[in-house]
Each structure stands twice: as C-alpha cells, then as structure tokens.
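These notes are about the structure you will find just below.
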Amino acid sequence: MKTIKRSIGSVALAATFMLTVSCKDASKTEATTTSEPTTENTVASQESVTTSDKQDAKAEVILKDYFNLKDALVGDDGEKAKEFGATLTNSLKAFEVSNYSADEQSELKDIIEDATEHAEHIAESDIKHQREHFKTLSKDITDMVAITGTKMTLYEQFCPMYDRGSAWLSTKEEIRNPYHGSAMLKCGSVQRTIN
C-alpha cells in the first residue's frame, strides 16, 4: 500500500513539476496541457458551441466588452479593467432574451444575472480580485455564446496554472493569458475553436 501511495505521489509531483516548468517562462513555447482539464469550472470540451440563426447585436456588444476587459487584464491594467467591467455590466443589463425559446430565455437570464454580478465586482476591485471574478465571468460568457452563437471565430484557451486551471475566450489563437498577465503571458493552450 505504501508503494502505491509513493507511486501516486511521485506521478503527481512529476506532473506538477512539468506544468510549472512549462509555464514558468513566457519566452518559451506555449505550454501544453492535459487533454482533459479536471476542474469543474472548465467548460467541457465536448460541448458544442455553434452559430445560431438568432444572432443578437447586443450579444456581440457583450463579447466586444468582454474582450476589452480580457485585454486589460492581459496588460496588468486594473484601472482599465474596472472601466471595462462597468461597461460590460451595462451591456449585460441591456441584453434582451425575448428572441429565444422559453428554455433558452430561462438559461440566458441566469447566465446574464451571474455574469453581471461578476462584472460589477470587477468594476470595483483590485486586479487580483478582478482575475478571480474573470474566471467565472468567462464561463458565463462561453455559456451565453453556446445559446446566442456568434459571427466571430473564437478560441477557448486554458491555463493550467491559475486556480487549478482556468479557461477564457479570445478572438486570436495566440495565447495572451489574462490570469497572469506579463508574469506568464504565454502560459496556456487552445482547447477548442468555436464557430
């Protein structure tokens, strides 16, 4: 039994070491991640996000504001992130769900309510706390896109080093990590392409 525990401990230590080394230096090549992240907050890669006939201009505005917020976090700019958090809050509150089915409306209302709460916190917090809320906000925005669709090609990206693994959306395939900013700018990998 002790041998099994040591073996499991050795494998876990080796995996942790490999991930740490792979994401430690931003000038190195992009880190690789396991094919299936194990956090419950990560959107499962099997989920399908497709373009819907129900395109909503307000959903596209929400995405634009989300990407501005992400870019502020990538640039380690907490003040700009506060501004974009407030802008995103307003965009989320202006979103209209009436064009969707009853089930979609119910789901979208829950998503928008949760995303609004996180955007409000980002608008009032320091950068460390902003990044904590950005993790859940990113999941909410990904869930919203699964229903609303988008005209853009998006990349769901994943960093194994932030809070046991965290995902975010980007319009570019190149990794620019909003959770670590300049400290680990290129840490992560593309999990999937949306659209």
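Structure data summary
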item: All positions within segment 124-153 that are closer than 20 Å to TYR179 by Cα, of a type in the set (A, V, I, L, M, F, W, C) and surrounded by fewer than 21 Cβ atoms within 10 Å (Cβ to Cβ); result: ILE127
item: Filtered residue count, segment 67-115, keeping only those that are touching a residue at least 24 places away in the same chain (Cβ under 8 Å) and of a type in the set (Gly, Ala, Ser); result: 8
item: Test: residue in segment 84-105 that is surrounded by fewer than 20 Cβ atoms within 10 Å (Cβ to Cβ), within 17 Å of the chain's Cα centre (by Cα), in a helix (DSSP H, G or I) and hydrophobic (A, V, I, L, M, F, W, C); result: no
item: Filtered residues of segment 73-83 (kept if in a loop (DSSP other than H, G, I, E, B) and either in contact with an Asp or Glu (Cβ under 8 Å, 6 or more places away or on another chain) or aromatic (Phe, Trp, Tyr) (or both)); result: none
item: Boolean, GLU173 is under 16 Å from PHE67 (Cα atoms), touching a residue at least 12 places away in the same chain (Cβ under 8 Å) and surrounded by fewer than 14 Cβ atoms within 10 Å (Cβ to Cβ); result: yes
item: Residue within segment 156-165 that is touching a Lys or Arg at 6+ places or on another chain (Cβ under 7 Å), crowded, with 18+ Cβ neighbours inside 10 Å and in contact (Cβ under 8 Å) with a residue 24 or more places away in the chain present; result: yes
item: Any hit, segment 68-81, residues being of a type in the set (Lys, Arg), within 25 Å of PRO160 (Cα to Cα) and at pLDDT 95 or above; result: yes
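For (1) part of a loop (DSSP other than H, G, I, E, B); (2) under 15 Å from the mean Cα position of the chain (by Cα), each residue gets a yes or a no:
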| residue | (1), (2) |
| --- | --- |
| LYS139 | no, yes |
| LYS151 | yes, no |
| TYR155 | no, yes |
| ASP163 | yes, yes |
| LYS172 | yes, yes |
| ILE175 | yes, yes |
| SER182 | no, no |
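The values are calculated or read from the model by the stated rules, or taken from the named source; none is laboratory data. Computed from a predicted model, the values in this text were never measured in an experiment. Neighbour counts run over all protein chains shown; Cβ positions are idealised from the backbone, glycine included.
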